[in-house]
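Notes to accompany the following structure.
What follows draws every value from the coordinates through simple rules; no lab data is involved. A quick note: this is a predicted structure, and the numbers were derived from the prediction, not measured. Cβ atoms come from the backbone with ideal geometry, glycine included; neighbour counts cover every protein chain shown.
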Amino acid sequence: MSPDPARLDLNRHAKLRVVTAGSSATPSDAMGNPEPFFSFKEVISRTTECAQRFGYETVVYDLGGLGMGCEFEVDNQQFKERGHFDLVAPERVGKSPFKPELLMKSMREAPIFTVWLDGDALLVDPIDEVVGDYDLGVTIRHPFETQGPNWERNAAATGYINAGVVFINPSTKMNTFLADWSRLSYEGGGSDQWGLNQMLSLSEVPQAWSTREINGLRCKFFPAEIYNFYYFKVLESPPPKRLVSMPKPKILHFKGGARHHYQTYGARPVQCLDSTRG
């Protein structure tokens with residue numbers, strides 16, 4: 001059988017697999033406003049290069065015109081035309097309800113520890129240490145995000161977890177979880193973020209590095225400032241103490257509204273970020 005064209009590096013001895021996806025469509029911010037200055041393909045290409053250098057297997061899905069990886073058709077005309085689904089909060093649109101399906105698809109052939117990265121997330125350092133004895137790993141927001149009028153308006157869709165980076169330890173119960181996450185994401189207007197937060201139903205921001213059992217799954221909570229860094233604004237002003245004291249980020253996420261920072265922090269991200277830390 002010929003290898004899956006999505007697998008740019010089919011490494012049977014890999015510690016983990018990195019799965020990502022993107023298209024040639026013009027990216028949009030949280031409200032669906034276009035951000036034509038950003039390229040998913042450039043970020044995904046750099047992530048796959050880094051992943052392969054670190055010894056990770058890489059799987060890429062082409063959601064339309066990406067020109068690399070395996071084609072995956074999103075059967076939604078609005079997504080094809082605008083790159084997003086419905087409005088799920090006053091200032092948030094659904095974008096990736098197909099994410100759980102891609103994770104399940106990538107794990108069918110060889111179920112090894114899998115890391116999902118959004119197409120606008122850039123891997124810059126090895127993350128071997130995330131592999132562990134748990135079922136699901138997610139990145140939690142810094143507490144300063146969960147306050148103020150913007151949070152109050154969009155909390156239901158935003159949640160305490162950002163779904164741009166997810167860690168999966170394959171198992172039968174995780175397949176069930178992913179199927180339920182997929183269903184909820186479509187039911188929630190196309191928001192994988194809403195769906196994931198609904199599945200975990202957190203009432204507060206968990207302690208970073210902690211693990212708890214939720215619906216029969218061992219869930220581990222990782223700090224977004226290391227594994228899903230999108231706090232570029234705080235680099236321009238004195239950041240909260242926790243951000244100053246944490247190690248440098250290993251995954252940078254140029255999500256909607258933060259993509260213009262790629263021009264500054266995408267070219268030499270580690271050096272730029274290190275310069276802000278004592």
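Ranked from highest to lowest mean number of other Cβ atoms within 10 Å per residue, what is the order of the peptides 131-143, 57-69?
57-69, 131-143
Quick one: what are the phi-derived ³J(HN,Hα) couplings along the range 47-57, Karplus 6.51/-1.76/1.60 with θ = phi - 60°, whole Hz, x for glycine and proline?
So the Karplus estimates, Gly and Pro as x, are 5, 5, 4, 5, 4, 5, 5, 7, x, 9, 6 Hz.
Highest mean first, what order results for 101-114, 182-195 on Cβ atoms within 10 Å?
Sorting 101-114, 182-195 by mean packing, highest first, produces 182-195, 101-114.
Computed from the mean reciprocal separation of all distinct C-alpha pairs, what Kirkwood hydrodynamic radius does the range 96-244 have, in Å?
16.0
Please turn the phi angles of the range 59-68 into ³J(HN,Hα) values with the Karplus equation 6.51 cos²θ - 1.76 cosθ + 1.60 (θ = phi - 60°), one per residue in order, whole Hz, x for glycine and proline.
Residue by residue, the range 59-68 yields 10, 10, 10, 8, 8, x, x, 5, x, 7 Hz.
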